[in-house]
């Protein structure tokens, strides 16, 4: 199976990925972890704002908007078999 | 239950409400306490503390509404309050409000509490939409698996609140037993935490929740270099133990991630054992509405329409009740003038106090209408969407998307705009917005511009007005940029914008908001504004007796004794004018103005302009009326008089620029002081405005002088052109970044940014 890891910030609108890693050194990381952005969690990029940033994501049944500065802390993996 | 008389000798318990933002915590608080609550500050920090009381059969309950937070680990000063109150809360009672429609994430905080040995009463909120969507939960099982007592509630309709309160009032609910349950800390973790606590001669079993929290925090702290070697050793051992049986060994730095993952694993297990979560708890109509409201092309126009509607109702419809208020104030003033003897008391009452009170009351209609809409936007869930679509633009000047509404409202009046910064929950972001709002040109500053532009630039007043706005905007963007570059870190501005589901706002919550806003404004800011108005009034009428250079009464009598000629009327008028001017010059206000004049003289202002700036502090529109009075001896027409005394179009331009920037009016200052809760911040921002106004005006004067003088050297010309190009480029770059740019220049965590080097210019 081909596995591709990329930054959450680059996850295309409408696609789902699985969180692989999070930059533990960033001060925001702890808050993201606490909100459920832990490795193995599926996350879907719902929509980018009209001006390109931020982006809404769906994770653990709720929606949250992240700026690129936050979403680029997270690495996701897109499995070809996940829609 | 809230109408019962207090029981004599009944116990009095402190109850603390904790929960995620948007979990319905405040609705639950209102449902429990009804109307009785008071607003104060948490000791040490300027975070609002809301306390309410409810009376039950067995005693009184003092309910504390703690700031909403996703986790005990604080990200903002507000959230630190939760952690600091933890021990006190553990000694009383904790209600953990859990939005069951958002179960997993809400249980994270519950898990943290349970790990630390706290036994919260869990209020499973939004229970109605959960069951409607097909969700079920075995409450008995949930309680026994978590060691908590759980109550289904619907805070918006107060459903289930009675049985929750009854439970709180029972004395036995205070007992905390030691449970071994699903959410408890795994043994490996607890042992390591125990080792950390041993350094401070503490034991896990006897330590307070806060001590336990700190022990655990030592294990996962994200700054590994700061820890002492012994703790590092414990961490290393913990990581090694946790690595057993894994394909990839765990690194010390991943411990924080591992603990969070472990908590979510426990939560997932708990939910799978006791509840059925509806697959899709967002109804399809909401999805459609959301797609429309945040649409790439339709989202912005829709938001603009909504803003226009709110602005129009706030300031145009608001004018009608404002007119009533004004006539009421006038009536009261006249009543006092008619019924009191002439004298100091009458003047103080009629001109000082009544008009001061009027100055406070005129804001109420605006505030009520604006907050009516804000409450509806906030409760319906649209506010988050608005912040979402505007964030890119606001971020370019260092602000949060939510700052757009306060900034735009500033165009009408800065006072409700500053109050509206309440919608920004991050304190740093709120202060930054408050700092920038006074630089938004409010409607009261327009008369000065209209008058002077019309007088000094009769050919094209609008062009010059536009250029003033342009400079103003440049200053605003510059200040926003600079402050955020200097002070903004990822610590003080994490951006996590939760999109709550759309809900129908309830009349009670809207009413609560309006009542609280109006009372808060009158009580807190109103007193400051009133005091300021009285001070300015005193300065403008005292000292009562000013030594005159001539005997006015005698000369008047002399004129009157002479036979009446065609010039008599004129003579009397000019004499009166002369006396008025001398009296005015003798008042404290003019004396202060003259004292300040040397400071302002480099800007080309005469003492008259300097004096007019003082009442301008009370309200910017008074600048014009004061100038009119001061210039009367030269000519009846203000414009001509100013020309006569040597004011040039350039000084007029500089004066307008200074008036726009120099200082917010006293009402704005009052609300900034009260809302920021910080005298230091208010004083510092005053200093910032004044220095910016001074520097910008001075630069404008010098540039203008250079442009006018034909003797300007080539070097000077180049400097001016370069400055103009730089300013234009700066503005253009900001605008471009706003609309098309995708650089991560505002990235607060650039050091750890994975995209660094690709498209991050290192901002």
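The values are calculated or read from the model by the stated rules, or taken from the named source; none is laboratory data. Keep in mind the model is a prediction, meaning the values are calculated, not measured. Positions of Cβ are generated from backbone atoms using ideal geometry, with glycine treated the same way; all protein chains shown enter the neighbour counts.
List the helices (runs of 4 or more DSSP H) inside the range B:555-636, counting only whole elements, that have at least 3 residues being modelled with pLDDT of 80 or more and exposed (fewer than 14 other Cβ atoms within 10 Å of the Cβ). Give the steps one after another, and end with the answer.
On the way: elements: B:568-586, B:588-600, B:607-618, B:622-631.
Per the criteria, B:588-600.
Has the range B:531-547 got at least one residue that is modelled with pLDDT of 80 or more and touching a strand residue (DSSP E or B) at 6+ places or on another chain (Cβ under 6 Å)?
For the range B:531-547, residues modelled with pLDDT of 80 or more and touching a strand residue (DSSP E or B) at 6+ places or on another chain (Cβ under 6 Å): absent.
Within the range B:385-399, count every residue that is facing chain A (nearest Cβ under 10 Å) and surrounded by 23 or more Cβ atoms within 10 Å (Cβ to Cβ).
Adding up the residues that qualify gives 9.
In the range B:285-325, what residues are within 11 Å of another protein chain (Cβ to nearest Cβ) and outside any loop (DSSP other than H, G, I, E, B)?
Quick first cut of the range B:285-325, residues within 11 Å of another protein chain (Cβ to nearest Cβ) only: B:286-287, B:290-291, B:293-303.
Across the range B:285-325, the qualifying residues are B:286, B:287, B:290, B:291, B:293, B:299, B:300, B:301, B:302, B:303.
Specify which of the listed residues (B:447, B:458) is more than 30 Å from residue A:30 (Cα to Cα) and part of a loop (DSSP other than H, G, I, E, B). Quick ask: steps written out before the conclusion?
On the way: B:447 fails: part of a loop (DSSP other than H, G, I, E, B).
Every option except B:458 fails the conditions.
If I filter the range B:247-258 for residues that are outside the structural domain of residue B:111 (by TED's automatic domain parsing) and out of contact with any helix residue (DSSP H, G or I) (no Cβ under 8 Å at 6 or more places or on another chain), do I get at least one hit? Steps first, please.
Residues of the range B:247-258 that are outside the structural domain of residue B:111 (by TED's automatic domain parsing), as a first pass: B:247-258.
From what's left, out of contact with any helix residue (DSSP H, G or I) (no Cβ under 8 Å at 6 or more places or on another chain): B:247-248.
So far as the range B:247-258 goes, yes, one or more of its residues are outside the structural domain of residue B:111 (by TED's automatic domain parsing) and out of contact with any helix residue (DSSP H, G or I) (no Cβ under 8 Å at 6 or more places or on another chain).
Is there a residue in the range B:485-498 that is surrounded by 20 or more Cβ atoms within 10 Å (Cβ to Cβ), touching a strand residue (DSSP E or B) at 6+ places or on another chain (Cβ under 8 Å) and in a loop (DSSP other than H, G, I, E, B)?
Checking the range B:485-498: at least one residue is surrounded by 20 or more Cβ atoms within 10 Å (Cβ to Cβ), touching a strand residue (DSSP E or B) at 6+ places or on another chain (Cβ under 8 Å) and in a loop (DSSP other than H, G, I, E, B).
Among (1) surrounded by fewer than 18 Cβ atoms within 10 Å (Cβ to Cβ); (2) within 14 Å of chain A (Cβ to nearest Cβ); (3) farther than 30 Å from residue A:23 by Cβ, there is one condition residue B:246 misses while meeting the rest; what is its number?
Only one criterion in (1) surrounded by fewer than 18 Cβ atoms within 10 Å (Cβ to Cβ); (2) within 14 Å of chain A (Cβ to nearest Cβ); (3) farther than 30 Å from residue A:23 by Cβ is unmet by residue B:246, namely (3).
What are the residues in the range B:394-415 that are outside any helix (DSSP H, G or I) and within 19 Å of residue B:673 (Cα to Cα), if any? Write out each step before concluding.
So the first thing to find is which residues in the range B:394-415 are outside any helix (DSSP H, G or I), and the list is B:396-400, B:410-413.
Hits for the range B:394-415 are B:410, B:413.
Within 14 Å of chain A (Cβ to nearest Cβ) and either over 18 Å from residue B:470 (Cα atoms) or modelled with pLDDT under 55 (or both): which single residue out of B:715, B:683, B:748 fits that description? First the steps, then the outcome.
On the way: B:715 fails: within 14 Å of chain A (Cβ to nearest Cβ); B:683 fails: within 14 Å of chain A (Cβ to nearest Cβ).
On inspection, the qualifying residue turns out to be B:748.
Can you pull out every residue in the range B:130-157 that is buried (at least 20 other Cβ atoms within 10 Å of the Cβ) and assigned to a helix (DSSP H, G or I)? Before the answer, list the steps.
Of all residues in the range B:130-157, those buried (at least 20 other Cβ atoms within 10 Å of the Cβ) come to B:130, B:137, B:142, B:146-148, B:150-156.
Within the range B:130-157, B:130, B:142, B:146 meet the criteria.
Given the criteria under 24 Å from residue A:33 (Cα atoms), buried (at least 18 other Cβ atoms within 10 Å of the Cβ) and within 13 Å of chain A (Cβ to nearest Cβ), does residue B:218 qualify? Give the steps one after another, and end with the answer.
Numbers: under 24 Å from residue A:33 (Cα atoms): yes; buried (at least 18 other Cβ atoms within 10 Å of the Cβ): yes; within 13 Å of chain A (Cβ to nearest Cβ): no.
It is false that residue B:218 is under 24 Å from residue A:33 (Cα atoms), buried (at least 18 other Cβ atoms within 10 Å of the Cβ) and within 13 Å of chain A (Cβ to nearest Cβ).
Does residue B:235 meet the test of being closer than 23 Å to residue A:42 by Cα and touching a residue at least 40 places away in the same chain (Cβ under 8 Å)? Walk me through how you get there before you give the answer.
On the way: closer than 23 Å to residue A:42 by Cα: no; touching a residue at least 40 places away in the same chain (Cβ under 8 Å): yes.
Against the criterion (closer than 23 Å to residue A:42 by Cα and touching a residue at least 40 places away in the same chain (Cβ under 8 Å)), residue B:235 does not qualify.
State all residues of the range B:542-554 that are outside any loop (DSSP other than H, G, I, E, B) and exposed (fewer than 11 other Cβ atoms within 10 Å of the Cβ); if no residue qualifies, say none.
Residues of the range B:542-554 outside any loop (DSSP other than H, G, I, E, B): B:552-554.
Matches in the range B:542-554: B:553, B:554.
Which of the residues spanning the range B:452-496 are within 14 Å of chain A (Cβ to nearest Cβ), over 26 Å from residue B:731 (Cα atoms) and out of contact with any helix residue (DSSP H, G or I) (no Cβ under 6 Å at 6 or more places or on another chain)?
B:496
Looking at B:200, B:230, B:211, can you tell me which residue is modelled with pLDDT of 90 or more and over 23 Å from residue A:36 (Cβ atoms)? Break it down into steps so the answer makes sense when it comes.
Working: B:200 fails: modelled with pLDDT of 90 or more; B:230 fails: modelled with pLDDT of 90 or more.
Result: B:211 is the single residue among B:200, B:230, B:211 that is modelled with pLDDT of 90 or more and over 23 Å from residue A:36 (Cβ atoms).
Would you mind finding the one in B:163, B:192 that is under 20 Å from residue B:239 (Cα atoms) and modelled with pLDDT of 85 or more? Steps first, answer last, please.
Numbers: B:163 fails: under 20 Å from residue B:239 (Cα atoms).
The conditions single out B:192.
Based on what the data block shows, is residue B:152 farther than 18 Å from residue B:266 by Cα, modelled with pLDDT of 90 or more and in contact with a strand residue (DSSP E or B) (Cβ under 6 Å, 6 or more places away or on another chain)? Full working, then the answer.
Numbers: farther than 18 Å from residue B:266 by Cα: yes; modelled with pLDDT of 90 or more: yes; in contact with a strand residue (DSSP E or B) (Cβ under 6 Å, 6 or more places away or on another chain): yes.
Here the answer is yes, as residue B:152 does meet what is asked.
For the range B:652-671, does any single residue satisfy the condition of being touching a helix residue (DSSP H, G or I) at 6+ places or on another chain (Cβ under 8 Å) and free of Cβ contacts under 8 Å to residues at least 24 places away in the same chain? Spell out how you get there, then give the answer.
At the first step, the residues of the range B:652-671 found to be touching a helix residue (DSSP H, G or I) at 6+ places or on another chain (Cβ under 8 Å) are B:652-671.
Then keep just the ones that are free of Cβ contacts under 8 Å to residues at least 24 places away in the same chain; that gives none.
No, the range B:652-671 contains no residue that is touching a helix residue (DSSP H, G or I) at 6+ places or on another chain (Cβ under 8 Å) and free of Cβ contacts under 8 Å to residues at least 24 places away in the same chain.
Identify, by number, the condition in (1) surrounded by 22 or more Cβ atoms within 10 Å (Cβ to Cβ); (2) at pLDDT 85 or above that residue B:452 doesn't meet.
So residue B:452 meets the others, but not (2).
Based on what the data block shows, is residue B:253 within 13 Å of chain A (Cβ to nearest Cβ), at pLDDT below 90 and in a helix (DSSP H, G or I)? Full working, then the answer.
Numbers: within 13 Å of chain A (Cβ to nearest Cβ): yes; at pLDDT below 90: yes; in a helix (DSSP H, G or I): yes.
Spelling it out, residue B:253 is indeed within 13 Å of chain A (Cβ to nearest Cβ), at pLDDT below 90 and in a helix (DSSP H, G or I).
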